[in-house]
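Student: One structure coming up, written as structure tokens, with questions to follow.
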Amino acid sequence: MEPVKTWLQRNLKGDPVLWGIVIVFSLISMAVVYSATGTLAYKNELRGRAGSVEMILFKHTSLIFVGLALMWVAHRIDYRHYSRLSLYALLLSVPLLLFTYLMGGSVNGAARWMTIPVINQTFQPSDLAKLALISHLASMLSRRQQYIDNFKTTLLPVILWVGVICGLIVLSNASTALLLFFTCLLLMFIGRVPLKHMLLTILIVMSLGGVALTLGQRWGTVKSRIESFTDKSKPVPFQLEHSYIAIATGGVAGKGPGQSTERNIMPHPYSDFIYAIIIEEYGMLGGIGVLFLYLAFLYRGLLTVMRSYGAFGGLLSAGLCFSLVLQAMVNMGVAVGLGPITGLPLPMLSMGGTSLIFTGISIGVILSVSRGEREIRPMTGEPEDEARIPKQTALA
């Protein structure tokens, strides 16, 4: 037992509680996806495709392990390197988002995917763009802490990148763009950007984003979903109705693993509405348990923010934590009827491809920050203590 403990301490750095939470999420994901993919396997059989439930589980498990492997690699890298890498990732994201919008694969009327040659794996450039934008925004704000009130040197680059990336994403994925924009606002607030500048950012980005949304592919879908949520005279959407049924019949303790009935009726029980399947099979206790895990993840991420030595590490960890947990809250809120349908997957639990991989990388970056490495001021090699965020601001 001692050699195993020694190996874990040597190879798994960072917050051990975060490691534990991620592993628990991975195990839950395997169990629930295996239970929820029966209809998908049946559809594959009707279409003449290879894809039994076991094959789907094997592919999903493989992607989880790939995500965990990339998380391990990311957490071994000094997080200060991500400041420079984020700019390259952003510059790569712009043409990828444009290519996907113009020539990408279309699903449900939205061109969000492109296929990687040779391995034939679908890829959402928006996943790369989210990670790159949050990282680069943390880098810009940390390097400009002494000039945070200056519009030209601080706010203008922020508005430019946030507007361009969110504007390109909203053309085909409004919910992801809105969530990313809200995450950026939280990051700006933590980074001590003046309120008047934040209001100006909201005005400019929302105006441009509104134009992009009306010109994009999803305006009709967004409008209908908002109307169906706000207008109670309209019938409840089909998938949401069966989500309610799954939650109502789950009770306190649930029907038991693999005993869901609504998984055979709902269109995407393994992705968008996997939380409803969790409650149906594991009951209210299972649903509360998953919610508690996300809150624990956020708490440990904020501890990393408080313990970071420099502004970049704190902002980077905060941005990535908020991005993952906010998406989880939105997904779970949709499943129980607290918001309009969005199509966002449940991070670390839903079946997916690149979402699992980039979630793993994001958590690896958070773990890298939690290792407590000191930021070094460029040119002088001294600790960047003057750029450190005050505790009360980080908590806010």
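Student: Computing the accessible area with a 1.4 Å probe over protein heavy atoms, can you report the carbon and sulfur percentage for the stretch 1-375?
Tutor: Carbon with sulfur: 69 percent of the solvent-accessible area.
Student: So which of K13/K130; K43/K232; K59/K232 end up more than 31 Å apart by C-alpha?
Tutor: As for pairs spanning more than 31 Å Cα to Cα, those are K43/K232; K59/K232.
Student: Computed from the mean reciprocal separation of all distinct C-alpha pairs, what Kirkwood hydrodynamic radius does the stretch 1-375 have, in Å? Kindly include the intermediate steps, with their values, before the conclusion.
Tutor: Values: mean 1/r = 0.0465 Å⁻¹.
Result for the stretch 1-375 stands at 21.5 Å.
Student: Keeping all protein chains in place and using 1.4 angstrom, which order do D231, D78 fall into by accessible surface area, from largest down? Provide the component values of the computation, followed by the final result.
Tutor: Working: D231 60, D78 30 Å².
If we order D231, D78 from most to least accessible, we get D231, D78.
Student: Over the residues of the stretch 210-286, compute the C-alpha Rg and express it relative to 2.2 N^0.38 Å. All intermediate terms of the calculation are to be shown ahead of the outcome.
Tutor: Numbers: Rg = 15.5 Å, N = 77, 2.2 N^0.38 = 11.5 Å.
Here the answer is 1.35, to two decimals.
Student: In the stretch 234-335, if every C-alpha pair distance is counted and binned at 5 Å from zero, what percent goes to each bin?
Tutor: 3, 13, 19, 18, 14, 10, 9, 7, 5, 2, 0
Student: Further question on the same structure: What's the extension gain from M284 to A253 if we count 0.36 nm per residue and subtract their Cα-Cα distance?
Tutor: Separation in residues times 0.36 nm, less the Cα-Cα distance, equals 10.5 nm.
The values are calculated or read from the model by the stated rules, or taken from the named source; none is laboratory data. All of these numbers come straight from a predicted model, not from anything done at the bench. For the accessible areas, the whole protein counts, side chains as well, though only heavy atoms, and no ligand, DNA or RNA atoms are used. Shrake-Rupley method; radii C 1.70, N 1.55, O 1.52, S 1.80 Å.
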